[in-house]
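Here is the structure we will look at, set down as structure tokens.
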Amino acid sequence: MSELNWTPPEVAEFYDGSSPMADKYYFGYQHLGYWYDETDDATLEDATKRLTGKIVDTLGLRRGEHLLDAGCGLGAPAIHIASEYGARVTGITISPVEAARAEARAQESGVADLVGFEVADYHSLPHAENHFDAVVAIESLFNAFDLDKALLEFHRVLRPGGRVAFSEMIKTTSASQAKKPFPQAREPMTADAWAQAFETAGFVVEEQVRCGRRVYVNSGKRYLNRHDEVSGLLAGEFGEEITADIRKGMQTAFHLGPEDVDYLILCARKP
């Protein structure tokens, strides 16, 4: 299983620098969207909310349950989950900049009584055993420098019977041409490799959903178009280098077809 070369402080520094761009121009969401087909006119914000709902629905999340959002980013998904499902949500991010913005967003949204954010590393969670009813990791495990350790931490903090839902861009086969899109990312894995990783950590895999055409294909076109629309503003505010690097990463991530790349939503349970 490939490991990440970046250290946690380097990953934190990357998101400290890049997250203000996502906050201002991508509505605070740092994951892909879900469009039913090419004619679906959902906005980027609505499509990302739709994908958040698809992932969380696999958990069977109930009102009042306590959810860990592992790699919560700028907090938009956690706030959406609390608002729609009535769950308590603790979001963790390794980036102090993200955590501060997420806290401010929770105050602005009126759900601060349900949502809280912490600076923490999912490789070493500051929570007791059996603390959470569920865990969600939306496109955040590609930053794991030790995936086995992160999944064992999820298992430790979940109560018996607790569920974890994960989503990620994946390779269709071990021979796929898919490569990691950004330096701080892991190499993409196959669905079978992800299922095996969760099982090795002690989980029982209960559901796998493959929706690459609705997520990967449609997101690529729309995110590249959005980036091009605001590239002048991005370059003026954040610099031409990071603006160009973000687009290059998008091109790397989205240039392949469904024969090479898919999108996986996986839900597993702690016995």
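Considering 235, 244, 165, the condition of being aliphatic (A, V, I, L, M), on the phi < 0 side of the Ramachandran plot and out of contact with any Ser or Thr (no Cβ under 6 Å at 6 or more places or on another chain) is satisfied by 244 alone.
For the range 57-91, the set of residues classified as assigned to a helix (DSSP H, G or I), of a type outside the set (Ser, Thr, Tyr) and more than 12 Å from the chain's Cα centre (by Cα) consists of 57, 79, 80, 81, 82, 84, listed by residue number.
Check residue 34 against each of (1) assigned to a helix (DSSP H, G or I); (2) over 26 Å from residue 13 (Cβ atoms) and name the one condition it does not meet. All conditions are met except number (1). Within the range 48-86, the residues that satisfy the criterion of being touching a Gly at 6+ places or on another chain (Cβ under 7 Å), among the small types (Gly, Ala, Ser) and surrounded by 24 or more Cβ atoms within 10 Å (Cβ to Cβ) are 75, 76, 78. Annotation: residue 24 fulfils all but one of (1) farther than 22 Å from residue 185 by Cβ; (2) not in a helix (DSSP H, G or I); the unmet one is (2). Within the range 84-100, being touching a residue at least 60 places away in the same chain (Cβ under 8 Å) and either closer than 20 Å to residue 162 by Cβ or not aliphatic (A, V, I, L, M) (or both) holds for 93, 95, 96, 98. Screening the range 101-141 for residues that are polar (S, T, N, Q), more than 18 Å from residue 162 (Cα to Cα) and modelled with pLDDT of 95 or more and picking the one that is surrounded by the most Cβ atoms within 10 Å (Cβ to Cβ) gives 140. Restricting attention to the range 208-229, does a residue exist that is in contact with an Asp or Glu (Cβ under 9 Å, 6 or more places away or on another chain), in a loop (DSSP other than H, G, I, E, B) and more than 27 Å from residue 39 (Cβ to Cβ)? Among the residues of the range 208-229, not one is in contact with an Asp or Glu (Cβ under 9 Å, 6 or more places away or on another chain), in a loop (DSSP other than H, G, I, E, B) and more than 27 Å from residue 39 (Cβ to Cβ), which makes the answer no.
Considered as a group, the residues in the range 170-203 that are among the aliphatic types (A, V, I, L, M) and at pLDDT 90 or above include one that is surrounded by the most Cβ atoms within 10 Å (Cβ to Cβ), and that residue is 189.
Among the listed residues 98, 38, identify the single one that is over 15 Å from the mean Cα position of the chain (by Cα) and among the acidic types (Asp, Glu).
Details: 98 fails: over 15 Å from the mean Cα position of the chain (by Cα).
Of 98, 38, the one residue that is over 15 Å from the mean Cα position of the chain (by Cα) and among the acidic types (Asp, Glu) is 38.
Of note, residue 259 satisfies the criterion of being out of contact with any Phe, Trp or Tyr (no Cβ under 9 Å at 6 or more places or on another chain), closer than 17 Å to residue 171 by Cα and either modelled with pLDDT of 90 or more or not in a helix (DSSP H, G or I) (or both).
Among the criteria (1) touching a residue at least 40 places away in the same chain (Cβ under 8 Å); (2) out of contact with any strand residue (DSSP E or B) (no Cβ under 8 Å at 6 or more places or on another chain); (3) of a type in the set (D, E, K, R), the one residue 65 does not fulfil is (2).
The values are calculated or read from the model by the stated rules, or taken from the named source; none is laboratory data. In this text the structure is predicted, and so the values were computed from the model without any measurement. Cβ sites come from the backbone with ideal geometry, for glycine too, and all protein chains shown count toward neighbours.
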